[in-house]
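Below: one structure, written as structure tokens.
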Amino acid sequence: HQETEEEGSSGINAEYGYFIQTNLRMASEARPVALPVRKVIIHPVALFNIVDNYERRHDNNKRVIGSLLGRYDKGVVIITESFAVPHQETEEEVSMDMEYAMRIGELQKKVNTNLYTVGWYSSGIIINEYSSLIHAFYKCQCPTPVHLTIDTLMTNQKMKINTHITLPIGVKNGTEGCIFTPVPYTIQGAEAEQVSLKFFQQLRGSKKTPNFNDQEQIINCCDEMISQIGVVLGHIKQVLAGEAPADKELGRQIMEVVQAVPNLESDTITNMLNSHMQDLLAVEYLTYLTRQQLAVSARLNQIL
Amino acid sequence: MAAAPKHSPQLFESIEKVEITSQVIMKITRHCHHELEKQLDPNVNGVLLGLINENKHTLEVTHCFPLMNSDTDEGMEINREYMLEMERSLRQVNIDYQQVGFYQSTYLNTHCDRNFLDSVFDYLEEMNEAIALIYDPLKTKLGNLCIRAFKLSLAAFELYKEDKDFTALMLRDKSLTYENLFKEIPVVVKNSTLTNVLMCELDKVQDNTSFFTLPTSSYLEKSMQLLLGGLDEINQDLQKLNMHQRAVYKQQTQIMKHVQERKDENAAREKNGLKALPEEDFSKMFKPPPPVGRLESLLSANRIASHCEMIEEHVKSGIGKLYLADSFMS
């Protein structure tokens, strides 16, 4: 704090302290039962939103905050979406548009059924008293808000993600407060989201057109599979040669993979495959015919 | 949002490709699959936001938000209010708020119907560079990201402005067939640098196995059923056209008969020395039957063509996968 504003700032400081305490007390009294949160599952969509929000921030904000939407399921919080909330933060004060957060939260609940506010995020790894202020607001929105920080400034050369919840500490009827404790998280998406993710990972800094040419996809997947099989084979050879320790769990999994191939007589296999192939070829021929017919009719329409 | 509509062919043709950020694709994916869990053929759509980059002739889509099902009038009112609200809110957080089109999910390529055409037309009227993004969730589930951008071709747009039901003459004038009803614009996915860093973090989240499912008969069967349905529709349309032509022909012969009768009568009267009856204009008496609208048949043809394309691709990859399976088992 600067010395010239000492009086003013100490006034604000005292107000802050009082504000934090009353807010937390109100929050803890309003919702005495906090639901236990043991794990957090984050869908990649939410993270993309946060990064985009950080890139679009006003120049004078060093960090951005926003709400997390999702649902709560027996001790596990699933975060599926996020949206930004306008907020200003300077060294002396912090303000956020709480009405905006509530309004957009309601709107999203109307459109995406079963999505409600489950917490909030902020960019950067710092957790300070402003965070506890904002957290107190979110405590009024949901029983156990999850606080997600994502390090967009990339200290340590990594974009580290952390999830926390608050637990009360302190002496009852005396100084009370909250402590941010970390909660384990996993990043997991629905099946189709993972397909998109895989496509994005092939981008690696360049632009690319989504390629619906299935045949190229098959070649790519085959290549990947070949390399994976190579890795497994390499490991097995090492174990056989005695260089690497044999792991029972791994061995069982490899056995499962090998036994997943159905063990049928070669005759039945060829029959099955042939008939399937014939079905496919017949369908292709029919579609080819149909397309020719359509082309002819289009040309006729021009003439008649 | 409600700018004065500018119609110029240059603006229409100025977009050569569409750039989408991965954030938008993820949001569309999440929305469509969320709705797909509830019912098999949901009416999923939403609004695309972004900006136009005139120098590079690209349309950049940077944000999107989903809309509710608006089958009823009340639903549409709510949607309109919702869009206005979102626009105001997004402005506060520095997100592009200009609508550049809409996205829609499709079920085996059946999206191509009258409603779709109307929506595309509405958006194009507002903004000549608007596009429609079609996302195919079933195909993506099988392992191949399928998202395409469409807009009406210039000829189709102008025709639709004049008459909602095309007539054969108009089609011939503009040489419009089912092939150039819609124009597909190539889609490019682009990421910002920070998003790329995020992708590196998410390296461990991957799943390749969904791609190798063998071609199941149910997918083919449904496609074939839809194909047959489309063919039936075209057949009905052809029959209507036939009947119309027959009616026109009948009318022409009737007119000619009447003219001939009048001539004979006049000749007879002249012989008898009576005054000749005036030769009326018979075309006014017999009004020609109204021309048959050709729009539905165009749309059906388009749908059938896209079904055929889909089936062909499916079959091609299916044959490859069968050979793979063969090499495993023998």
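Between residues in the range A:236-264 that are more than 25 Å from B:SER327 (Cβ to Cβ) and residues that are open to solvent by 100 Å² or more (accessible area, probe 1.4 Å), which pairs lie under 8 Å by C-beta distance while being six or more apart or on different chains?
From residues that are more than 25 Å from B:SER327 (Cβ to Cβ), the pairs are A:VAL239/A:PRO245.
Going through the range B:85-94 one residue at a time, which ones are open to solvent by 70 Å² or more (accessible area, probe 1.4 Å) and touching a residue at least 60 places away in the same chain (Cβ under 8 Å)?
Of everything in the range B:85-94, nothing turns out to be open to solvent by 70 Å² or more (accessible area, probe 1.4 Å) and touching a residue at least 60 places away in the same chain (Cβ under 8 Å).
Taking the range A:85-135 as the region of interest, how many residues are assigned to a helix (DSSP H, G or I) and among the charged types (D, E, K, R)?
Residues that pass the stated criteria total 6.
Here is a yes/no grid of residues against (1) at pLDDT below 85; (2) away from chain A (no Cβ under 13 Å):
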| residue | (1), (2) |
| --- | --- |
| B:SER8 | yes, yes |
| B:PHE12 | yes, yes |
| B:ILE15 | yes, yes |
| B:ILE28 | no, no |
| B:HIS33 | yes, no |
| B:LEU36 | yes, no |
| B:ASN43 | yes, yes |
| B:GLY50 | no, no |
| B:GLU54 | yes, yes |
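Within the range B:240-261, track down each residue that is surrounded by fewer than 12 Cβ atoms within 10 Å (Cβ to Cβ) and within 14 Å of chain A (Cβ to nearest Cβ).
Residues satisfying the conditions are B:ASN242, B:TYR249.
Count, please, the residues in the range A:168-198 that happen to be at pLDDT below 80 and open to solvent by less than 80 Å² (accessible area, probe 1.4 Å).
13
I'm told A:LEU133 meets every condition in (1) within 14 Å of chain B (Cβ to nearest Cβ); (2) at pLDDT 80 or above except one. Can you identify the failing condition by its number?
All conditions pass for A:LEU133, except number (1).
For the range A:135-151, which positions are β-branched (Val, Ile, Thr) and open to solvent by 10 Å² or more (accessible area, probe 1.4 Å)?
Initially, the range A:135-151 is screened for residues β-branched (Val, Ile, Thr), giving A:144, A:146, A:149-150.
A:THR144 - this is the single residue of the range A:135-151 that is β-branched (Val, Ile, Thr) and open to solvent by 10 Å² or more (accessible area, probe 1.4 Å).
What's the total number of residues in the range B:167-188 that are of a type outside the set (Val, Ile, Thr), within 17 Å of the chain's Cα centre (by Cα) and part of a loop (DSSP other than H, G, I, E, B)?
Residues flagged as of a type outside the set (Val, Ile, Thr), within 17 Å of the chain's Cα centre (by Cα) and part of a loop (DSSP other than H, G, I, E, B) within the range B:167-188 amount to 6.
Against the definition (more than 16 Å from the chain's Cα centre (by Cα) and closer than 24 Å to B:HIS111 by Cα), how does B:GLY293 come out, yes or no?
Working: more than 16 Å from the chain's Cα centre (by Cα): yes; closer than 24 Å to B:HIS111 by Cα: yes.
Yes: the conditions hold for B:GLY293.
Which one is nearest to the chain's Cα centre (by Cα) among residues in the range A:126-160 that are of a type in the set (S, T, N, Q) and within 22 Å of A:LYS39 (Cα to Cα)? Full working, then the answer.
As a first pass, look at the range A:126-160 and keep what is of a type in the set (S, T, N, Q): A:128, A:131-132, A:141, A:144, A:149, A:152, A:155-157.
Adding the requirement that they be within 22 Å of A:LYS39 (Cα to Cα) leaves A:131-132, A:141, A:144, A:149.
Details: A:SER131: 21, A:SER132: 23, A:GLN141: 21, A:THR144: 19, A:THR149: 12 Å.
So, considering only residues that are of a type in the set (S, T, N, Q) and within 22 Å of A:LYS39 (Cα to Cα), the one nearest to the chain's Cα centre (by Cα) is A:THR149.
For A:VAL283, state whether it is assigned to a loop (DSSP other than H, G, I, E, B), open to solvent by less than 100 Å² (accessible area, probe 1.4 Å) and facing chain B (nearest Cβ under 9 Å).
no
How many residues does the range B:308-324 hold that are within 7 Å of another protein chain (Cβ to nearest Cβ) and farther than 30 Å from B:CYS112 by Cβ?
Going through the range B:308-324 one residue at a time, the tally reaches 1.
How about the range B:124-149: which of its residues are closer than 22 Å to B:PHE12 by Cα and within 14 Å of chain A (Cβ to nearest Cβ)?
Hits for the range B:124-149 are B:LEU133, B:ILE134, B:ILE147, B:ARG148, B:ALA149.
Output yes when any residue across the range A:66-74 is closer than 26 Å to A:VAL183 by Cα, in contact (Cβ under 8 Å) with a residue 60 or more places away in the chain and of a type in the set (Gly, Ala, Ser), and no when none is.
For the range A:66-74, residues closer than 26 Å to A:VAL183 by Cα, in contact (Cβ under 8 Å) with a residue 60 or more places away in the chain and of a type in the set (Gly, Ala, Ser): present.
How do the pairs read when you match residues in the range A:212-235 that are in a loop (DSSP other than H, G, I, E, B) with residues anywhere that are at pLDDT below 75, using Cβ under 7 Å and keeping only pairs 6 or more apart or on different chains?
Correct list of pairs: A:PHE212/B:ASN144.
Does B:TYR97 satisfy being more than 11 Å from every other protein chain (Cβ to nearest Cβ), under 23 Å from B:ALA305 (Cβ atoms) and either open to solvent by 40 Å² or more (accessible area, probe 1.4 Å) or part of a strand (DSSP E or B) (or both)?
When the stated conditions are applied, B:TYR97 does not pass them.
What are the residues in the range A:64-80 that are at negative phi and surrounded by fewer than 19 Cβ atoms within 10 Å (Cβ to Cβ), if any?
A:ARG71, A:TYR72, A:ASP73, A:VAL76, A:ILE78
Can you tell me how many residues within the range B:61-84 are buried (at least 20 other Cβ atoms within 10 Å of the Cβ), under 22 Å from the mean Cα position of the chain (by Cα) and within 12 Å of chain A (Cβ to nearest Cβ)?
Residues of the range B:61-84 buried (at least 20 other Cβ atoms within 10 Å of the Cβ): B:61-67.
Filter once more, keeping what is under 22 Å from the mean Cα position of the chain (by Cα): B:61, B:64-67.
Among the residues that remain, those that are also within 12 Å of chain A (Cβ to nearest Cβ) are: B:64-67.
Total meeting the criteria: 4.
Testing A:ALA30 on (1) open to solvent by 30 Å² or more (accessible area, probe 1.4 Å); (2) of a type in the set (Gly, Ala, Ser); (3) modelled with pLDDT of 55 or more, one condition comes back false. Which one is that?
(3)
Have a look at A:GLN217, A:GLN228, A:GLN238, A:GLN278 and point out the one that is of a type in the set (S, T, N, Q) and in contact with a Phe, Trp or Tyr (Cβ under 8 Å, 6 or more places away or on another chain).
A:GLN217
Working only within the range A:143-198, note down all residues that are touching a strand residue (DSSP E or B) at 6+ places or on another chain (Cβ under 7 Å), touching a residue at least 24 places away in the same chain (Cβ under 8 Å), of a type outside the set (Ser, Thr, Tyr) and within 14 Å of another protein chain (Cβ to nearest Cβ).
A:LEU148, A:ILE150, A:ILE161, A:ASN162, A:ILE187, A:GLN188
Considering only the range A:294-304, how many residues are in a helix (DSSP H, G or I), open to solvent by 90 Å² or more (accessible area, probe 1.4 Å) and in contact with a helix residue (DSSP H, G or I) (Cβ under 9 Å, 6 or more places away or on another chain)?
Number satisfying all stated conditions: 1.
The values are calculated or read from the model by the stated rules, or taken from the named source; none is laboratory data. Given the structure is predicted, the values throughout are model-derived calculations rather than measurements. Every residue, glycine as well, gets a Cβ built from its backbone with ideal geometry; the counts of neighbours run over all protein chains shown. Heavy atoms of the whole protein, side chains included, go into the accessibility calculation; ligands, DNA and RNA do not. Shrake-Rupley method; radii C 1.70, N 1.55, O 1.52, S 1.80 Å.
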